[in-house]
Amino acid sequence: MVVVDVLNDPGGKELLLSKYGLRKVPVLAKGDKYAFGQMLDPFAKFAGLSMPGAGRLSPEQLYGKYGMVFEAAQRFARQFPAERFRERVIPHRERVIRTLCYHVFRIGESFLETWNGAEYSVKIADNEPPDSLQTGDDIAGYGASVWKRFEAWWRGLDDRSLAREVKTYYGDVSAHQLLERCTWHSAQHCRQLVAVLERMGIQADRPLTPEDLKGLPLPERLWE
């Protein structure tokens, strides 16, 4: 059993694509079988590991934390100088700041689409911002509109256990599990936006605290 390391192994990305037809990480592979690391439970099961004490936040807790993430990302998007909004997030990756800000909210919008019957596909949240979203204010406004839809969705739920199964590119999972994944995914990108602001010499407006992020299975490293 090996971990395909696409960051440090020059042939890692090619191996993923040629042998497994995969473009997303993390992936744990053994022979012709593999498991995505997007969900920790099946990932650990595939690796033959137990997860004692790996508690999961309730849907209500996740919803509350996701609201904080959306609010924070709107604040951060508005802080980026217009003349630097199309700089790369980090030098060796293609994604620019404008796209990353949009991506934080697009992840959440993709959850709502999946709840309504779409498949959470590999590329569902990876599209570029539309031409109508040019500035940090524009993208923050888009984020606010997505969260209004989230609030309406939450108010209209008959069963807030989110036990319903939804389709994703890494298998059928409960909506509860997908909401957890989307929440920590957006939160991780919020951490990155703070780092980019600080690199520019800009103090982020009320960064998320460890208490805000408590209970989310965030990657240890900032750029994983």
Averaged per residue, the 1.4 Å probe accessible area of the stretch 143-197, protein heavy atoms only, in Å², is roughly 40 Å²
Could you size up the charge dipole of the stretch 111-179 around its Cα centre, putting +1 on the beta carbon of Lys and Arg and -1 on that of Asp and Glu, and report it in debye to the nearest 20? 260 debye
Under the rule of at least 5 residues apart or a separate chain, name every residue whose amide H is placed under 5 Å from the amide H of VAL173. VAL166, THR168
Ordering 94-104, 112-122, 180-190, 58-68 by per-residue average of other C-beta atoms within 10 angstrom, highest first, gives 180-190, 94-104, 58-68, 112-122
Rounded to a whole %, the carbon-and-sulfur portion of the accessible area of the stretch 63-178 at a 1.4 Å probe is 48 percent
Burial-style ranking of 124-135, 167-178, average other-beta-carbon count within 10 Å with highest first, yields 167-178, 124-135
The stretch 179-224-the stretch 58-116 distance, computed between alpha-carbon centres (Å): 10 Å
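The values are calculated or read from the model by the stated rules, or taken from the named source; none is laboratory data. Predicted, not measured: the structure shown is a model, and the values here were computed from it. For neighbour counting, all protein chains shown are included, and Cβ atoms are generated from backbone atoms with ideal geometry for every residue, glycine included. To get the accessible areas, we keep the full protein, side chains included, count just its heavy atoms, and leave off ligands, DNA and RNA. Shrake-Rupley method; radii C 1.70, N 1.55, O 1.52, S 1.80 Å.
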